[in-house]
Structures are given as C-alpha cells and as structure tokens.
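Reading through the structure tokens given below for one structure.
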Amino acid sequence: MGKKIKENQNIMKQKLLIILFLGLFIGNISAQHFISDAKIRASVEQKFERRKAKFTSVGFDFAKSISQKMELREVEALKFLYAYMSLNDLVDKSPEYYLKEIRVAFEAQKTFSWGKTVPEVLFRHFVIPPRVNNEDLDTARILFFNELKPRILNLSMYQAALEVNHWCHEKMAYRGADERTSSPLASMLTALGRCGEESTFAVTAMRAVGIPARQCYTPRWAHTDDNHAWVEVWVDGKWYFLGACEPDPELNMGWFAQPAKRTMMVHTNVFGPYKGKEETLLYDQNYTKINLIENYATTKTIFVKVIDAQKRAVPQSTVKFQLYNYAEFYTIAEQKTNARGIAKITTGLGDLMVWATAGNKFGYKKISVSEVDTVVISVSNTTPKIEIQQFENVPPINKQLSPVSSEKAKENSIRLQYEDSVRTVYTNTFMRREKLDDQFRGVNLPLDSVWYFIKKSEGNWREISHFMIENATNPLLFDVLSGISDKDLRDCKSKTLTAHLKSINTAILIKKEFPFTIFEEGIVPTRIGNEMITEWRSYFANKFPEAEQLKFRVNPQLVKDLLLKTVKILDENYSRCPISPEGVFRLRYADLHSLNIFFVAVCRAIGVPAKLNPATRIPQYYSMGKWNDVLFDQPLANAQSYATLILENDPINLAKPEYYPNFTLARFQNGEFITLDYEDSPLMKTFPVTLNLEPGFYRLTTGNRQNDGSVLVRTETFEIKPNETVRKIVTIRAIDVSKVEHPKVNFVKPVSTTDNRFVNLNERCAQKGMVLLFIDPAKEPTRHVLSDLKILKEDFNYWDGEVVIVVPQSKLTPAFVADTTGLPKKVTYVIDYNNELFNSMKSILKIDEDFPITMLINAKMDLLFVTMGYRIGIGETLLKNIQMDANSCKK
C-alpha cells in the first residue's frame, strides 16, 4: 500500500511540474516561432492539450527539462512532436531526449548554407522528427551531425546529399534480415542491414545535417516477389531519389530506378498533418500517408464506386487495392468512399484486386488498370463462394533507362571500392576465432558453442562476450541466447540479457506443472514478437505479489481479465514499433500487437508459459495440457471447437511448394481474407501438411511467376466446419514452355579465368547448363545478385551446373578480388579482355551495358533466361527456369 501511495504522490508531482513547465517556459528567451502560421500553431496546441489530458497515467514528463532554459521555438517543436508521435515514442523516450534531437536540428539549420532555404513545412515534417521507420530510437542524429559537419560544410546542397550517401556507404552495406528494424547506431555497429535499415540510416543522416528526407516504399513489387525501400531528399526546391547507402554519381539514380517504372505504388508516412502537392492516401490523426508513384512510373487514376444490393451508393465503405505478391493479395493502398460511394487512387498500369467492405458485407473485382477508368463493386455478399478461380496477373510493362556517362560511372566505381575498404577495416575488428581462447581463458564454457554466438554477434561481440563470461555458471545461459534472433545478438546489451537470465523463475519446475519442453518454449525465451528487447522480466516480477502470481499460474485467464481492466486498446501506434511491455504498463494504452506482447511478457515473468502463435500472432498461454488462445479485441469464437486441414502436394508440381514463394492460406475475417503467417513454421516443411484451424472459410492461393513478371494464379475458397477434416491439393499452375523460342548461344573463343587458366565455355555448358553472370564488381546490384546465389547455395549445388562470373576488362580495378566465399561450389571467375565476350553476346541478344546481366543457358546452348540490372529474387527465378527445362538443366 505504501508503494502505491508513493507512486500516486510522484504522479501528482509530475502533473504540477508539467503545469509549471507550460506556464514558465513559453515566455522564455526567444520569440522565434517554430510554426509561424498561427492557425497551424493553434491546431498543434489543441492536439497537444488533448493528448496531455488523455494520457494522465504517465503524463508528458517535461520535468527533466525544467532546469534548462528553452527557446520558444524549442517549446513549440516539443509540443509538435508530443502532439503527433506514436504511442511507443510517447512513453519509451524522455522529453530530454527529444529536446536534444530538436536542438541538433536547429543547429544544423544554422550551420549549413541550405538551412535558410528549406521551407518551414518541410523542416517541420522531414527534418525535425527523429523517427523514420519502426526502429528503436537512438542518439544517431547527434553523432552523425558531428561526424558529417566538417565533411560537407562547404558543399552545395546537391553535392552534400551525394556526399552524405557516400558516408553512409562507408558505414553499412546491404544484407537481408528479419522484420525488426535496427536503430541507426545498431546498423552502424554491424555495418550491414536490409533496405529498410539502410534507408532508415540514410534518412537519419540526411536529417542530421538539415536536408529534408523521407523513406519511400514500394510495399510490394508488381513484377517480382518482395518489396523495397529507398530515400527521397529535397534539394534546392525539388525532391530527388537515391539508393540508401548505395551511392551513384548523381541523384535520381539507383539500381531500382528501372523496376520502379513497373511498380503499382510508392508511398511514405509523414509525421503529423501534412498537406503537400502529393496525393494523400491516408490522413490519420497523427500521420499522413502520401502517394509518390508519379515520381517513378506511368500512372493512371482509377475510380471505384461501391453500391449495395439495391444499387445504392455506400458511403464510408472501405476499399482495398491489392497486388499479387508472394502468393497473397497484399493491400498496397486503402481508401474510404465519399458521400457518393466513390474512392480513387493513382497507380501503375498493371493488374489489381479491388476489395470493398461495408459492415459484414463485401465484394471484389480483379482489374487491369490500363483497361478501366471506373470500377463498380457491389457489397452484397456476407460469406465467400465455394469456388476455384484461375487467372493471369500482369504487371506494368518493362521500360529501359538512359545510361549514366561512363566517365562518371567509373569515378563512382573507384570511390565505392575505397568505401568498401573503409568499412572492411572496421569489420576486421570483429572477434576472430583464433582470438577466442584468450578471450575466454579460464571460463568453463564449450568454445564451439561460444563461437557460434560470438560469430553471429559481429560488431556487438563485446556485449555478448561479457554476458557469457559473467553468467558462465548459469545452466540456462545458452537457452537464453538460443531464444533470441540473430539481430538481437547484434544489438542487445549484456545488462539486458543478464537481467532476464537472473529473473527466470526456475522454482516453478519443482512443482512439475508442465513439461520442461514447455518451460523452454513458453518461459525462457526473451524474444516475444518484433519488439526491441527490454528488461521486462525483472520489471514485472516485482509488480505482482507472490500470492497474486500464484492465482495467475493456477488460472492464467485472470491475467487477461486484469489487462482488459487496466489497459485500453488504442490504434495510435502507427510507427509499427511495439510499445515496450513496461511502457504499456505505465501508459495503460496500447495497440493490439503491443498488448499481445505485453500479455506474453507478464505471463512469462510470473511463471505462466506463453507465446505468440507463429501463424496468427495471437497470444497463447499453456494450461491444462494445451496452448490456449487469448483474443483481446473480440470474444474467442469456437473456443472448444477446431478443425483439421490437410494440404497435399500435387504430383504435377515440378518442385515442392514453399509457403509464400508458391502458396499461402488465408482465413476469412470481418469481410476479407487475412493471410496466416506460416513462413518459418516447421509445419510447412514437408507434405502432407496438417494444420489445426478454427472453423470457417479459407482461401488457398498459389502462383507461378513467369519470366516477364506475370503470374499464373489459382485460388480455391472452401469452408471447414467444426471437428471436420478437409483435404486440399496445393496445385501450382504449369508454365507452357513449348511455345517459347530460345536464341542459340555459341562461345567462339576460350576465356581466361582470374587464375590465368583458359576454359571452353561450350564444354562447360554442355554438361548441366550454365548461369552466365556479367558483373561490375563495384556496383551494389552485383552484390545483391551474389547474395541471392549465396542464400540458395545448396539448391545450386544440387543442380550441379556451372556458374560463370564474368568481369569485363573495362570494369576491372586493382581492388577486385575473385571471392567465392559462400557461393555455389561450381563457380568460376572470368576476365573478359577487351570486352570481347560481352560484345559478342550483346550483338546476338541486343542487351545494354546495364550490369549485372544474368543469363541461363542449357546444355543445348539455348538461352532460357536473361535479365539486365538486378532483379529481386533472381536466384529463385534461375532455379525455377532450371526446374522447367526439359533438357540438361534438370538433375
């Protein structure tokens, strides 16, 4: 009771200090406004006050800033951030943190020549906000400003933007990773990251020096599976694009520039209420989603009219524009219909599925944007039809780009290699295996196991080493390390992991309430969802008396009941970065995903096994010998009734279907199909696949993407009733290769390898076929292709064909190294002297010097496939063509 009284007293003190802050500081030193428009300023003030009144359990804790004198513009900037920031930022970072960020932004505005030229509205929305994506916020802006300042101080704004990106390339390069976005400093620690992390890093760097910047996404490509993120910067009155951490000689260049011409949507989220020239996709109370596709592709505005069964307009119905990608129909944009029942969108000239819902009714149509202007959809259905549908999904046509001047490209290539060497100097400081004995001398741990985690930790090796040495005698040491992701190993602190290890409730094992395997699965893991790991276990262990914890362990449903009473669901966490479990406890508001993570954290901390269902992400607790679902947003339907679905592989399929690349399963909920996330589930590894599902309607979607980017789609909609077992065949529609004419290839001369051997490519090709890859070693797209080959190394080894990597002499530099590390076993590097091989292929195939150029040739010297530039998923595309070839490419 004493603790609660003290907590209440502290909350009252905070509120008094907030009132004092608001009264004292506004009349401070400077009269310069952050927002000069009085109407906008008043709107921000009102929003700030509403939020301050709403989130009373925590309050806007400006108390820490009271000892510092603040300018009027700093107060207004703080209010602007607090008025619109995502819930996680509201509770998980202090006002002092945001004040430092604001002051660096103002310092950059004053320091650089372009500071005065940036319009106030762009400075407000694209410089001041510290958040870019769903990364953990850090102090990168301060570090980046100090490091970049002397490097770009005397440059023009255009040259500064290019130079900042070169600096970014020195710090990190591309590597695929999981969905959690590393903070900029964590990315720099590892020196590698996926496109979302590279673009977060680059936007942070640009904003650090006062250049307006925004992260742009094509949520899904139309011509290939996957998505991509890059950066736009505002320079001298115009928005330009660039490849994040992938510098080119000029702005408005990047390996993705050509595929972007085929995209159906490019968007960005803007902090706060933004009214620019761009089309608004969503105007939320805290952020604005805008459409940038007109900067890249040939577009068209299409209109959708939603009517009911009586052909009356349906206002405020939801219209989702969905694009086939990864065997699902992914929503790339969403709009509400106006009073006349009409919604509109500007998009590319490809195919879309348009899905409309109004209450519990829905309707849909598959359209080709180039062929329609207005689509009429009747929302008259309440349940899906039991049916099989087949159609072809077609992307926008491919268009070529004008090449950059060879001289500028060469200069840039040389510089990129230098920047690689700078980064390599840093990565060479990572722990090496031969030094491990000294580091762990006298520590009683198996060095092979130690090295497994140290190697994965990369630049974070000191933290992981310290954690293992400090906790070497704890029997759960390796269990904790095994329960976190590779990315966690690269950015988690020793202190955090130690707090978890020491707080795991091992006493519950003595009572033998559940098997040890459940303890390992539902108690030990520190990772829950896609959140940044915090010290939630020790935090919650002290929040509930032991008697209350015992009640929770006897009846875990009481945990849900308690959370429903104390936490309100609020969809204002738009950053998609989960609120920390501790933050949810303090704020007493959460988005549904953060609440689910919070539930699991509380359960694990008090000894109740819990996890997120990997397919549905619904929280579950273990009780009475089974895992039980917990639904916070709706009552649990059919709680005691489940059904069984058995998926079988169709014998006509050339290869075993994979979840997402080839097929998905979606459940019908609230008028639409929601894809179940079985991407990494062991259930999908072998056929037949047996799934225990809730009764209801489901859709099985399969797709076979052809070389031109179009997809042969098949959907089957069916119902599973309670306690019923249903069998379905996963059928991948076959591509008809009999009608395709393939050019013949002939290699006239032997070619020289990098170790000065001559090889006959005709002889090499005659065995199993060949992948012929022309590269520019210094270009990022080349690294992407090589990365794809490395990821699918075992598949290429199984094929057993040749992979010949050709470096044209014009692209050869002293820094080039023929590195086969991680590549398929049959890889040969070749030097194309005088570019003879390339020129001979160029004359036959009419290809341009757009490296990398990837070709697949079979044993009969038929050219099965060719693509210029980097194509996302090129490794999978090559393997698919190998599987389809009736000659020697199949093993």
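The values are calculated or read from the model by the stated rules, or taken from the named source; none is laboratory data. Being a predicted model, the structure only gives us computed values, none of them experimental. No Cβ is skipped: glycine too gets one built from the backbone with ideal geometry, and neighbour counts run over all protein chains shown. Note: areas computed on protein heavy atoms with side chains; ligands, DNA, RNA excluded. Shrake-Rupley method; radii C 1.70, N 1.55, O 1.52, S 1.80 Å.
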**Asked** Going down the table (Lys744/Lys846; Lys54/Lys275; Lys455/Lys656; Lys399/Lys739), which pairs top 22 Å between alpha carbons?
**Response** Lys54/Lys275; Lys455/Lys656; Lys399/Lys739
**Complete:** In debye to the nearest 20, the charge dipole size for region 267-318, taken about the Cα centre with +1 at each Lys and Arg Cβ and -1 at each Asp and Glu Cβ, equals 220 debye
**Request:** Answer with a single label: of (1) 79, 70, 60; (2) 98, 63, 57; (3) 88, 76, 72, which was calculated as Cα extents along the principal axes in Å from the structure in view?
**Result:** (3)
**Request:** Could you check the simple spin-label distance between Glu334 and Gln285, using points 7 Å along Cα→Cβ, in nm with one decimal?
**Result:** 1.6 nm
**Fill in**
Full extension between Asp755 and Lys793 adds, at 0.36 nm per residue less the Cα distance, a length in nm of 11.4 nm
**Asked** Could you give the radius of gyration (one decimal) and Dmax (whole number) of the Cα atoms in region 708-851, in Å?
**Response** 20.6, 70
**Request:** Would you mind calculating the relative contact order of the chain from Cα pairs under 8 angstrom and at least 6 residues apart, reporting the percent as a whole number?
**Result:** 9 percent
**Item:** Cα-projected label distance for Ser156 with Trp627, points at 7 Å along beta-carbon direction, nm
**Value:** 5.9 nm
**Fill in**
A 1.4 Å probe over the protein heavy atoms gives region 168-218 a carbon and sulfur accessible-area percentage of 56 percent
**Prompt:** About its Cα centre, what dipole magnitude does region 66-155 give when the only charges are +1 on Lys and Arg Cβ and -1 on Asp and Glu Cβ, stated in debye to the nearest 20?
**Reply:** 380 debye
**Item:** Whole-percent carbon and sulfur share, accessible surface of region 349-446, 1.4 Å
**Value:** 50 percent
**Message:** Name the residue from Asn252, Val306, Tyr283 whose Cα lies farthest towards the positive end of the charge dipole of region 250-326, charges +1 on Cβ of Lys and Arg and -1 on Cβ of Asp and Glu.
**Reply:** Val306
**Globularity ratio of region 694-748, using Cα Rg and 2.2 N^0.38 Å** = 1.87
**Asked** How far, in nm, would the chain grow between Glu741 and Val422 when pulled straight, counting 0.36 nm per residue and subtracting the alpha carbon separation?
**Response** 110.1 nm
**Asked** So what is the 222 nm mean residue ellipticity for the chain from helices alone, if each DSSP H run of at least 4 adds -39500 (n - 2.57) and you divide by all residues, rounding to the nearest 500 deg cm²/dmol?
**Response** -10500 deg cm²/dmol
**Message:** Need the list of lysines near Lys456 for cross-linking: C-alpha distance under 20 angstrom, and skip anything on the same chain fewer than eight residues off.
**Reply:** Lys171, Lys435, Lys487, Lys493, Lys495, Lys790, Lys793
**Prompt:** To the nearest 20 debye, what charge dipole does the chain have about its Cα centre, counting +1 at the Cβ of each Lys and Arg and -1 at the Cβ of each Asp and Glu?
**Reply:** 1960 debye
**Prompt:** Hey, which aspartates and glutamates would be in cross-link range of Lys685, C-alpha to C-alpha under 13 Å, not counting anything within fewer than 8 residues on its own chain?
**Reply:** Glu648, Glu658
**Asked** Given a 1.4 Å probe and every protein chain left where it sits, what share in percent of the accessible area of region 707-773 is carbon and sulfur?
**Response** 48 percent
**Prompt:** Helices from the chain with mean Kyte-Doolittle at least -0.5 and a Cα length along the axis of 20 Å or more, per DSSP H: which?
**Reply:** 2-24, 592-606
**Request:** Place +1 on the Cβ of every Lys and Arg and -1 on the Cβ of every Asp and Glu in the chain, take the dipole about the Cα centre, and give the residue among Ala327, Ser840, Asn505 whose Cα lies farthest towards its positive end.
**Result:** Asn505
**Request:** Can you work out the accessible area per residue across the chain, with the rest of the protein chains kept in place, probe 1.4 Å, in square angstrom?
**Result:** 43 Å²
**Complete:** Residues other than Ile791 with Cβ under 12 Å of its Cβ, Lys/Arg counted +1 and Asp/Glu -1, net out at -1
**Message:** Between region 501-535 and region 367-424, what is the separation of their alpha carbon centroids in Å?
**Reply:** 43 Å
**Prompt:** For the residue pair Gln557 and Ser681, what label-to-label distance in nm results when each label sits 7 Å from Cα along the Cα-to-beta-carbon direction?
**Reply:** 2.6 nm
